[in-house]
Amino acid sequence: MKETEKKSTAAKPTAAKSTTKPAAKKAAPKTAAKPAAKKAASKTAAKPAAKKTTKTAAKKPAAKKAPAKKAVKKAKPITVDNICKLVEKKIVKSKAAAVKTDVAVDIEVWGFEDGSNQKMYIEIKGGKATVMPHSYDAKDFRVSLSFANAMAFANGKLTLAKLLESKDFYAEGNIVSAALLASIF
C-alpha cells in the first residue's frame, strides 16, 4: 500500500500542474472582459512608464555628445604668432622684391583674449619681407591697433586703405616707410 500512496501523491502534483495551466488561461479572458475605463487607465499608466524609459535613454547619448562638443568649441587662443603667419601669407613677394629701401615697422596689437598686448614687426630688407612676433628696436615706423582690426586685416576682411580711413589705430614715425610697407600688400 505504501507504493500506491506514493504513486497517488506523485500523481497529484502532475494533476495540479495541469489544472493550474487552464486556470491561468481562464484568467486572461477575464482581463479582456474588464470595462473600457479600466483598460484606458491601465494603458495610460503603462505609457508614461514607457516614455520615462525612452527619456532616460535619450538623455544618456546627449550627455555623451556634450563633452565632445565642448572639446570642439575649445579652440586654441589666437596669438601674435598666428597673426604673423596670416600676414606673411598676404605679402606679395614680387612687390616686396621691388622695394629697394630697408623698412622696419613695429606693430603693437592690443586686446587679445587674455587681455594682453603683444608686439610683432614687419621688415623689408634686401627685397625680402619678414614678419616676426617680437619688438623691433631700430624701427622706422610704429603702429598700434586692436586685436579685432589685426585679425580682420590678416584674414582679408579689412584692407589697409579701409583701416587708414577708419582711423582706428595709432601710428608714429616715418610716413614714407609706412607707404613702402603698404605697397607690399
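The values are calculated or read from the model by the stated rules, or taken from the named source; none is laboratory data. This is a predicted model, so every value here is computed, not measured. No Cβ is skipped: glycine too gets one built from the backbone with ideal geometry, and neighbour counts run over all protein chains shown. These area figures cover heavy atoms from the full protein model, side chains too; ligands, DNA and RNA do not enter into them. Shrake-Rupley method; radii C 1.70, N 1.55, O 1.52, S 1.80 Å.
List of remarks:
- Placing pseudo-labels 7 Å out from each Cα toward the beta carbon at Lys89 and Asn174 gives an inter-label distance of 3.1 nm.
- Computed accessible area, Ser144, all protein chains, 1.4 angstrom probe, square angstrom: 20
- Computed from the C-beta positions of Ser183 and Ala75 and an R0 of 35 Å, the FRET efficiency is 0.55 to the nearest 0.05.
- Using only Cα coordinates, the Kirkwood hydrodynamic radius of the range 106-149 works out to 11.1 Å.
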